[in-house]
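Inspection log for the structure reproduced underneath, given as structure tokens.
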Amino acid sequence: MGDLIDRYLIELGADLHVRRNQRERIVAEVAGHLQDSARALETEGVAVPQAERAAIGRFGPAAELADRFNRSSLWVALAGIQGYLVTYAGVGLVTIGGAGIFGWSLAKVFGRDFISGNVPGEVIAPSRCADYLRFHPEAATCNAAAVAHHFDEFVGYHLDALALGVIVLGARWLWRRRDRRVHGRYEGASARPAYVLLALASFGLAALLMLPVAAGTLATGTAFAGSRGGWWLACGVASSAAFLAYAVAAWRYHPANGLTPAD
Amino acid sequence: MKPEMLKGNLRMLLLSVLTDAPGHGYAMIERLRCLSGGEIDLPEGTIYPALHGLERDGLVSSRWSDDSGRRRRVYAVNRRGLASLRVQRIEWQTFTRAVSAVIKEGAWAT
């Protein structure tokens with residue numbers, strides 16, 4: 001086999017993202033085809049390098065052929081779905097972090113009690129009181145120390161989620177940038193609508209559940225599942241924001257609107 | 001002939017070529033070119049995804065052949081492929097009849 005055909009086959013093998021036995025078969029079939037084509041031209045008097053070049057020209061670019069095979073590859077589709085799930089997890093974590101930031105802002109206006117106030121009627125054991133007062137010696141009462149402690153936990157855990165979400169999304173962006181040909185062009189495109197639907201449904205449902213609970217607990221001054229109205233409001237608003245972001249993206253990149261997502 | 005006119009019909013063309021005799025990719029391309037009087041001259045690599053798709057759908061089978069010292073994958077149409085081809089031919093004939101009826105030269109011709 002000549003150099004040109006060898007190089008073509010190496011490029012084709014590198015561009016194919018299918019199971020190994022399928023890749024080997026495709027490369028072997030193409031090798032046979034190109035050899036037959038080149039030899040036919042040589043029998044017509046064409047010199048060997050020109051015959052190989054012509055055979056490759058008539059066959060078509062390796063990248064285009066690989067693209068056609070990759071589109072129907074389950075392996076590529078699974079990688080794409082996996083990618084979307086990682087993105088979804090990252091967005092979820094950032095949304096949780098957003099709830100923490102919004103909750104911190106609400107506490108600045110309405111006080112920490114708004115977010116992490118004690119459940120009405122709750123009795124704090126003396127040992128827990130001692131712990132709270134140790135964490136917050138500035139607090140005047142056990143209740144105030146408990147509120148401060150729970151608020152710090154709320155903000156701390158949510159900001160941890162934000163940091164983790166940023167890391168996940170950053171890693172995802174770097175991975176796609178590094179290998180754009182697999183994770184950009186072929187990223188299981190058929191799974192994209194399902195991913196967007198999952199995101200819309202989950203964030204929408206979360207908002208639908210949390211916002212009424214927030215309204216109810218704020219109106220009655222009570223708590224639900226151990227959390228005050230401000231907590232539910234912060235989480236409900238963050239979920240709503242995520243839902244709206246996905247809704248806008250889905251609308252903008254709907255085929256009818258003639259735009260395509262920048263991969 | 002514009003390549004986009006062949007879109008959607010390549011599988012039917014390949015099945016038709018295989019009804020004459022089993023063949024490998026290069027031979028099938030040559031047969032397509034010859035039978036069509038040179039009108040069907042697509043990038044040769046395009047037939048391989050189509051052939052793999054036909055095999056995946058159970059319409060053709062394939063095996064390695066080492067005849068004449070070179071390793072080639074030889075495809076053959078099976079009974080399901082023939083039945084599918086019969087249906088596709090009828091659809092194609094219906095389509096071409098309808099289009100011809102619309103575009104025939106007549107009062108609309110300029």
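The values are calculated or read from the model by the stated rules, or taken from the named source; none is laboratory data. Bear in mind that the values here come from a model prediction, so they are computed numbers and not experimental data. So basically every Cβ, Gly included, is an ideal-geometry build from the backbone, and we count neighbours across all protein chains shown. Ligands, DNA and RNA are stripped out before the accessible areas are found, and what is left, the full protein with its side chains, is counted by its heavy atoms. Shrake-Rupley method; radii C 1.70, N 1.55, O 1.52, S 1.80 Å.
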Practice problem: Given the peptides A:132-144, A:197-209, arrange them by the average over their residues of other C-beta atoms within 10 Å, most packed first. | Solution: A:197-209, A:132-144
Quiz item: So what is log10(I(q)/I(0)) for segment B:1-85 at q = 0.11, 0.22 1/Å, when the Debye sum runs over its Cα atoms only?
Solution: -0.27, -1.08
Quiz item: Counting only protein heavy atoms and rolling a 1.4 Å probe, how much accessible area do B and A lose on contact, total for both sides, in Å² to 100?
Solution: 1800
Quiz prompt | Paired Rg and Dmax values of the protein assembly as shown, which use every Cα atom, in angstrom | solution = 32.2, 100
Quiz item: Name the residues of segment B:44-62 whose accessible area falls by at least 30 Å² when all protein chains are present instead of the chain alone, probe 1.4 Å?
Solution: B:Glu44, B:Gly45, B:Thr46, B:Tyr48, B:Pro49, B:His52, B:Arg56
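Would you calculate a helix-derived [θ] at 222 nm for the protein assembly as shown, using -39,500 (n - 2.57) for each DSSP H run of n ≥ 4 and dividing by the full residue count, to the nearest 500? Intermediate results must be reported in sequence, preceding the final value.
On the way: 16 runs with 265 residues, N = 373.
One gets -23500 deg cm²/dmol as the mean residue ellipticity at 222 nm.
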Exercise. Which order do the peptides B:49-60, A:10-21 take when ranked by the mean count of other beta-carbon atoms within 10 Å per residue, highest first?
Key: B:49-60, A:10-21
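Sort A:95-103, A:211-219, A:24-32 by packing, meaning the average of other beta carbons within 10 Å per residue, with the highest value first. Please report the intermediate quantities before stating the final value.
Working: A:95-103: 21.8, A:211-219: 15.8, A:24-32: 18.6.
Put in order of decreasing packing, that is A:95-103, A:24-32, A:211-219.
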Exercise. Determine the share of chain A's accessible area contributed by carbon and sulfur atoms, expressed in whole percent, with a 1.4 angstrom probe.
Key: 66
Quiz item: Given a 1.4 Å probe, how much area per residue of the protein assembly as shown is accessible, in Å²?
Solution: 57
Quiz item: How much of the accessible area of chain B, probe 1.4 Å, is carbon plus sulfur, in whole percent?
Solution: 56
Quiz item: Relative to the isolated chain, which residues of segment A:19-55 have their accessible area cut by 40 Å² or more in the presence of all protein chains (1.4 Å probe, heavy atoms, no ligands or nucleic acids)?
Solution: A:Arg25, A:Glu29, A:His33, A:Asp36
